[in-house]
Amino acid sequence: METKGYLHQIHPVLPVKDVLEALDFYVNRLGFKIGFADDSKKPTYAGVLRDGIEIHLQWHDAVEWEVEIDRPMLRIVTQNIQELYDEYAEKDVFHAHTLLRETAWGTKEFAFYDPFKNGLTFYRDL
């Protein structure tokens, strides 16, 4: 029998201007924990963990931010979405139009941007 490759995790890398600021947002506002950092005082690469997901944060030079480009958009499968929405609403991370809504494609979801314009969508199937 032939052995086949198997994919079981993905760790997206998000570009950020300041890894310490990003860590502050993801830890203190979104409830993640620091998994690792390449330097304790001035990290340029770090990972944050919450429940079953891991997101990496990578410093990018300010020159890269001068041109407006699309940043990554993550879709994160979520349990207890109402409770997560309520938790984040209390942390003031939403923009004025963030709503928990049911979509035409059969999900219940909400979305917002981190301080570096990386999109985060949290959802569950209906």
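Nothing in this text is a laboratory measurement; each read-out follows from the coordinates by a stated rule. Bear in mind the structure is a predicted one, so any value in this text is a computation, not a measurement. For neighbour counting, all protein chains shown are included, and Cβ atoms are generated from backbone atoms with ideal geometry for every residue, glycine included.
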### Summary
By Cβ neighbour count within 10 Å, fewest first, His8, His60 rank His8, His60
### Per-residue [θ]222 nm for the chain (sum of -39500 (n - 2.57) over DSSP H runs n ≥ 4, rounded to 500)
-3500 deg cm²/dmol
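How big is the charge dipole of the chain about its Cα centre, in debye rounded to the nearest 20, if each Lys and Arg gets +1 on its Cβ and each Asp and Glu gets -1 on its Cβ? Mind dumping the intermediate values first?
Working: 14 positive and 22 negative charges, 47 e Å.
For this selection, approximately 220 debye.
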### Query
So which lysines pass the test for Lys91, namely a Cα distance under 21 Å, with those fewer than 8 places away in the same chain ruled out?
Lys33, Lys108, Lys117
#### Entry: Structure-derived log10 I(q)/I(0) by the Debye sum over Cα atoms at q = 0.19, 0.22 Å⁻¹: which label, when the choices are (i) -1.17, -1.54; (ii) -1.00, -1.20; (iii) -1.12, -1.38
(iii)
#### Entry: Distance-filtered residues of region 35-76 - backbone nitrogen under 20 Å, label point 7 angstrom along Tyr113 Cα→Cβ
56-76
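Where does each of Val93, Val13, Val67 land when they are ranked from fewest to most other beta-carbon atoms within 10 angstrom?
Working: Val93 17, Val13 12, Val67 6.
Least crowded to most crowded, the residues run Val67, Val13, Val93.
Test of the criteria: in region 30-72, which trypsin sites (Lys or Arg not before Pro) are in a DSSP loop and have at most 12 other Cβ atoms within 10 angstrom of their Cβ? Working shown, then result.
Values: sites: Lys33, Lys41, Arg50; in loops: Lys41.
Here the sparse-neighbourhood loop sites are Lys41.
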### Summary
As a percent rounded to 5, the proportion of antiparallel DSSP bridges among beta bridges in the chain is 70
### Query
His56 to Ala96: extension gain in nm, 0.36 nm per residue of separation minus the Cα-Cα distance?
11.7 nm
